[in-house]
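Everything on this sheet refers to the single structure shown next.
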Amino acid sequence: MAAISLKNITKTYGTGKAAVPVIHGVNAEIQDGEFIVIVGPSGCGKSTLLRMVAGLEEITGGELRIGERVVNNLEPAKRDIAMVFQNYALYPHMSVFDNMAYGLKIAKVAKDEIRARVDKAAKILELSHLLDRKPRQLSGGQRQRVAMGRAIVRQPQVFLFDEPLSNLDAKLRVQTRLEIQKLHRELGITSLFVTHDQVEAMTLAQRIIVMNAGNMEQFGTPEEVYHTPATTFVASFIGSPPMNLLQNAPGAQPGQLLGIRPEHLDVGAAGGWEVLVETVEMLGAERLIYGRLNGEQIVVRIDEGAPAPAPGDSLRVAPRAGRVHAFDAKTGKRIAA
Ligand SMILES: Nc1ncnc2c1ncn2[C@@H]1O[C@H](COP(=O)(O)OP(=O)(O)OP(=O)(O)O)[C@@H](O)[C@H]1O
Ligand SMILES: [Mg+2]
């Protein structure tokens, strides 16, 4: 196991006129044994960052440490990491056992040792009864577990995951997410997990790195990014539906945006704001009310059991105390309360 230190890490693809800067200086101190999720929209640089840690992509600037060592110029095989990709292509002609053992065979690990490590990983992943099967005789989730098994048997200092669940259906994704959490509890290996799914980020991470266009917008616990988002980007990326960002709400100062999450608007409170209801969506456990407040769009979340308003109604909503955020309208940065 090892800590990971990123100091002002930058990446530019190409040189001269063709230079494309994609990572603009990321700083993060990741502790030994932490489970970190890197989340952000497509193209923001998540995979690039992960691949630089893996050694699959050259680091343009800054310093990267794994444990005590600066690894900027260390080849991937010497970094003591194991990576699980979205497209984890197993060898179709090999059994599950051989797929998991392959890397160790190449590394000339002794036969008994290979057997012991594969058996142990298979037990953790509940694959013991499937070791003689070929990949085509497995379900998608089982294949995903074999890919993780391949990484586990290496006994690395660091696990790197790049959207490993995105090929699975919604139910299997939730189940595999739980398995990954269990695995981390058992093995305690420092992990970097890339996803564009904020729910996956919130449920898996001990701390989250939120990326946007090559910049790290925030690095914090799920509670921190939800309760005190550092920027309007984080406020609208974490949480669904996103936080309302209002210019015209009472209380909003000039040059500021007032932020309030749909679930923190209480209906029927005396005083409050008057919202003109436009659309009501029934989602099962809750309803989303889309309406206008002083001309701006606003979303309010209410329990499924609460009386549902109809389009055209006027609704009184009050922002819950302590749940209102303020952001600089120009820079998008949080303004301390
Ligand atoms: N070899 C390359 N040459 C030039 N630009 C590249 C190269 N590889 C990636 N990029 C650019 O770098 C940026 C970051 O790409 P990256 O693959 O890291 O994004 P990502 O956050 O992983 O996105 P996704 O969620 O779609 O996988 C993108 O704008 C991409 O177009
Ligand atoms: Mg990617």
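Between the amide H of GLY62 and those of THR10, distances stay under 5 Å, these residues lying 5 or more places away or on another chain, with hydrogens modeled in the peptide plane. Remark: the range 43-51, residue by residue, has Karplus-estimated 3J(HN,Hα) of x, 7, x, 4, 5, 4, 4, 5, 5 Hz, where x stands for each Gly or Pro and the curve is 6.51 cos²θ - 1.76 cosθ + 1.60 at θ = phi - 60°.
Computed on the range 4-233, with alpha-carbon pairs under 8 angstrom and 6+ residues apart, the relative contact order is 29 percent. In a DSSP loop and with at most 15 other Cβ atoms within 10 Å, the trypsin sites (Lys or Arg not before Pro) in the range 221-326 are ARG320, ARG323.
Here's how it looks for PHE193: its modeled amide H is under 5 Å from those of ILE36, VAL37, ILE38, PHE161, which are all 5 or more places away or on a different chain. Among MET94, PRO135, GLY188, which residue has its Cα positioned farthest towards the positive end of the charge dipole of the chain, with +1 placed on the Cβ of Lys and Arg, -1 on the Cβ of Asp and Glu, and the dipole taken about the Cα centre? With unit charges placed on the Cβ atoms, the residue in question is MET94. Could you list which residues have their amide H under 5 Å from that of SER95, counting only those 5 or more apart in sequence or on another chain, with H placed in the peptide plane? For SER95, no residues qualify. Evaluating 6.51 cos²θ - 1.76 cosθ + 1.60 at θ = phi - 60° for every residue in the range 70-82, the Karplus couplings come out as 7, 10, 2, 10, 8, 5, x, 4, 9, 8, 6, 10, 10 Hz, glycine and proline recorded as x. Computed over neighbours whose Cβ is under 10 Å from that of LEU131, the net charge equals -2, Lys and Arg +1, Asp and Glu -1. Whole-Hz Karplus values for the range 280-289 come out as 10, 10, 9, 10, x, 6, 8, 10, 10, 10 Hz, taken residue by residue from phi with 6.51 cos²θ - 1.76 cosθ + 1.60 and θ = phi - 60°; glycine and proline positions read x. Using all pairs of distinct alpha-carbon atoms, the Kirkwood hydrodynamic radius of the range 244-328 works out to 12.9 angstrom. Only beta bridges with both residues in the chain are counted; by DSSP, about 75 percent of them are antiparallel. What does the C-alpha gyration tensor say about the overall shape of the range 194-243? Classify as rounded when a/c is under 1.5, otherwise prolate if a/b is larger than b/c, or oblate. Rounded shape, in that the Cα axes give a/c under 1.5.
Here the spin labels are modelled as points 7 Å beyond Cα on the Cα-Cβ line, and at ALA336 and TYR102 they lie 5.4 nm apart.
The length gained by stretching the chain between GLU58 and ALA116 to full extension, at 0.36 nm per residue less their Cα-Cα distance, is 17.4 nm.
Per-residue ellipticity at 222 nm, computed for the chain from helices alone with -39500 (n - 2.57) per DSSP H run of at least four residues, works out to -7500 deg cm²/dmol.
Summarising the label geometry, the points placed 7 Å from Cα in the beta-carbon direction at THR10 and GLU296 lie 3.6 nm from one another.
Share of antiparallel DSSP beta bridges in the range 78-236, in percent to the nearest 5? Of the beta bridges lying entirely in the range 78-236, close to 35 percent run antiparallel. Normalised by the number of residues in the range 186-319, the average gap of Cα pairs under 8 Å and 6 or more apart makes the relative contact order 18 percent.
Each of THR331, ALA308, ALA285 was scored by the projection of its Cα onto the charge dipole of the range 273-337, and the greatest displacement toward the positive side belongs to THR331; charges sit on the C-beta of Lys, Arg, Asp and Glu.
Geometric descriptor of the chain, per residue, is 172 Å³ (volume of the convex hull of the Cα atoms). Quick one: check the C-alpha center-to-center distance for the range 99-127 versus the range 3-29, whole angstrom. The range 99-127 and the range 3-29 have Cα centres separated by 36 Å. Short-range pairs are left out: with C-alpha atoms under 8 Å and at least six residues apart, the relative contact order of the range 142-262 is 15 percent. About its Cα centre, the dipole of the chain is roughly 1120 debye, where the only charges are +1 on Lys and Arg Cβ and -1 on Asp and Glu Cβ.
Read-outs throughout are calculated quantities, based only on the coordinates presented, and are distinct from any laboratory measurement. For clarity, every value in this text was computed on a predicted model and none was experimentally measured. We place every Cβ from the backbone using ideal geometry, glycine too, and count neighbours over all the protein chains shown.
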